[in-house]
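Data first, discussion second: the structure below is written as C-alpha cells.
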Amino acid sequence: MKEYVIITGAYGGLGKALARTYANAGFALVLIGRKKDQLEAMGKELEAHTDILLIVADVGDWSACQQACVQIKNKKLNIKVLINNAGITYIKKFDTHYDIAAYKRLIDTNLNGPVFLSQLFLEELIQNRGSLINISSVLGYAPVIGRTAYAASKYGMQGFSDVLRAETKNKLHLMVVYPTFIQTDIRNSIEGDKTVNEVLLAGDVARSILKGQLKRKEKLYLGRTAKLSYYLFKYWPKLYVRIMRKKVGEIG
C-alpha cells in the first residue's frame, strides 16, 4: 500500500520543492492549498510520477480542515507523513498602526493550521509510526525586528511541538525544521532590503527535510545563519540583538 505525505501550502516555493522531492522518493501526495488553479498546475506536473490527491482548503479554518480530513480518510489512504508547511508573513513595527486583522490571519495560517491538522491526523500517524513535520524558522527562537506576528506563530509552534512530543512519549516522530530565509514567493513579495542573511534554495531545503525525516531527527537547523542565530541569541542575546538591528534596520 502506497505511503502518502500530506503537504500544506503545496504550491508555494518550499511546498513545490517538497512535493517534487517526496514524489521522487516514491511517496504519493496529498497537496493542500487555497488556490485551485495553482494546485491543479502542481497536479498536472506530478501526476505522471505518483498518485496525487488535491484538496482546496484554508488550513486556518477549522471546519475546512475537518472537511479535508474527511476527504482524505474516505479515500482510505495510508498517511505516513504530515508536513505543516503553509505560511504567510506580515512585516510591520508593533505600534498603534499595527494591523490586528493581518496578525489574526497570520496566526490562523501559521499556528492554528498546524494544530488543527496535527489533531485530526495524530492517531493515524501514531498507528503508522509516521512523521509529523512542522516548518518553523529562525524566528522560532530568535527575534527579528518587524516580525512580531510571525515570531508569535513560530514560537507558538515550538511550544506546541515540544509539549506534543512529550505527550506522545516517542510514539510519534515529530521534527521541527528551522531554516534561515528560503527563496520563496513569500520572500519575493517582501519590499525593501532582502539581503539580511543567506538565502537557501527551496530544493536543497526539501531534500534536507526528507533526509531528516528518514533519519527521524527531532530538530533540523538549516543554513549557517540558523545555527549561528541559535547559539548567539541563547548565550549572548544582547549581542545578537545589536547585530540583528544593524542588519535589518528600522521597520516602518
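Any idea what the relative contact order of the chain is, in percent, if you count C-alpha pairs under 8 Å spaced at least 6 apart? It would help to have the intermediate numbers written out before the result.
Working: 440 pairs, mean separation 47.9, N = 252.
Computed value for the chain: 19 percent relative contact order.
Within region 210-245, list the residues whose amide N lies under 19 Å from a label point set 7 Å along Cα→Cβ of Glu198. Answer for this model: 210-212, 219-234, 240, 243-244. Computed from backbone phi, the HN-Hα couplings of region 52-68 come to 9, 10, 9, 10, 8, 6, 9, 5, x, 10, 4, 5, 5, 5, 4, 5, 5 Hz, rounded to whole numbers (Karplus: 6.51 cos²θ - 1.76 cosθ + 1.60, θ = phi - 60°; Gly and Pro given as x).
Would you list Ile100, Ile72 from fewest to most Cβ contacts within 10 Å? List each step's numbers first, then the result.
Values: Ile100 8, Ile72 20.
Ascending number of Cβ neighbours within 10 Å: Ile100, Ile72.
May I ask for the net charge around Asp61, where only other residues with Cβ less than 15 Å from the Cβ of Asp61 are counted and Lys, Arg are +1 while Asp, Glu are -1? Walk me through the numbers on the way to the answer.
Working: positive: Arg34, Lys35, Lys104, Arg105; negative: Asp58, Asp108.
It works out to a net charge of +2.
Neighbours of Ala19, meaning other residues whose beta-carbon lies under 14 angstrom from its beta-carbon, give a summed charge of 0 when Lys and Arg score +1 and Asp and Glu score -1. Positive-end ranking of Val5, Ile135, Tyr90 along the dipole of the chain, with charges on Cβ about the Cα centre, is headed by Ile135. Calculated mean residue ellipticity, 222 nm, the chain: -15000 deg cm²/dmol, from DSSP H runs (n ≥ 4) at -39500 (n - 2.57) each, averaged per residue and rounded to 500.
Can you tell me the relative contact order of region 5-116? Whole percent, Cα pairs under 8 Å, sequence separation 6 or more. Intermediate values should be presented prior to the final figure.
Values: 158 pairs, mean separation 32.7, N = 112.
Relative contact order comes out at 29 percent.
So how tilted is helix 237-248 from the main axis of the chain? Cα-based, degrees 0 to 90, rounded to 10. Roughly 90 degrees, rounded to the nearest 10.
For the pair Thr96 and Trp62, a Förster radius of 22 Å applied to the C-beta separation gives a FRET efficiency near 0.10, rounded to the nearest 0.05. Here the 3J(HN,Hα) profile of region 110-116, calculated from phi with Karplus coefficients 6.51, -1.76 and 1.60 at θ = phi - 60°, is 7, 10, 5, x, x, 5, 4 Hz, Gly and Pro shown as x.
Sort Ser136, Ser153, Ser208 by Cβ crowding within 10 Å, fewest neighbours at the top. Could you put the intermediate results ahead of the total?
On the way: Ser136 26, Ser153 29, Ser208 19.
Fewest-to-most ranking of Ser136, Ser153, Ser208: Ser208, Ser136, Ser153.
What net charge do the residues around Leu117 carry, taking every other residue with its C-beta under 13 Å from that of Leu117, with Lys and Arg at +1 and Asp and Glu at -1? Intermediate values should be presented prior to the final figure.
Working: positive: Lys73; negative: Asp58, Asp61, Asp108, Glu123, Glu124.
Neighbourhood net charge equals -4.
For the chain, the longest principal axis of the C-alpha atoms and the axis of helix 202-214 are separated by about 60°. Can you give me the angle between helix 148-168 and the longest principal axis of the chain, using Cα atoms only, in degrees from 0 to 90, rounded to the nearest 10? Taking the Cα atoms of the chain, the angle to 148-168 is about 50 degrees.
Bear in mind these aren't lab numbers, they're just calculated from the coordinates by the rules spelled out. The model shown is predicted, which means the values in this text are computed figures rather than measured ones. Note that we place each Cβ from the backbone using ideal geometry, even for glycine, and neighbour counts take in every protein chain shown.
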